[in-house]
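What follows is a short report on a single structure.
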Amino acid sequence: MNKTGEISEAQIDQLLTILKEYAEAAGYHLNPDLEFTRELVKSLLINEQRYGYQACPCRLASGTKDQDLDIICPCDYRDPDLNEYGCCFCGLYVSDAVLQETQKITSIPERRPRKSQMAKEDTLKAEILSKVESLPFPVWRCKVCGYLCAREDPPGVCPICKAGQERFERFL
């Protein structure tokens, strides 16, 4: 960030390099439209500056990290969007087919549940959790890639997608 609080081109370049390396190492691709992708990266940096985390630039963040864990980039909806539509909701990540220009990017419906749906899901999770309390260890699920592990606490970093511990939820 420069003296005026604006995001610098160097910051955008740095994060773009990191995201591209991460994406390619994990089998993903960033949008080949460099100008568009740079704007998304800039928006991620603005959200990080604003909220302290890189919330998806195309969704309204609450400013409370615990409430926004599902929309921290890469969001929980990236993989289903890539599989079904060829790119994620904001367009940062694209599929092989889009990259090879055998599939065109179309509009993508919002997958993020509304607050009323989230409350119902939380109630259902609580019911299920009460039934599996007898397991010797809780089962943790990475909300980014689906990795499962049974242990006292979730791992600090997902061994598959490198998401942080806060991106894990108790599965069973």
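No lab work stands behind these numbers, since they all come straight from the coordinates. Here the structure is a predicted model, which means the values were calculated and not measured. So basically every Cβ, Gly included, is an ideal-geometry build from the backbone, and we count neighbours across all protein chains shown.
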Tally, over region 17-44, of residues that are touching a residue at least 12 places away in the same chain (Cβ under 8 Å) and within 20 Å of residue 144 (Cα to Cα): 11
Selected residue [in contact with a helix residue (DSSP H, G or I) (Cβ under 8 Å, 6 or more places away or on another chain), among the β-branched types (Val, Ile, Thr) and in contact (Cβ under 8 Å) with a residue 40 or more places away in the chain] from 71, 7, 12: 7
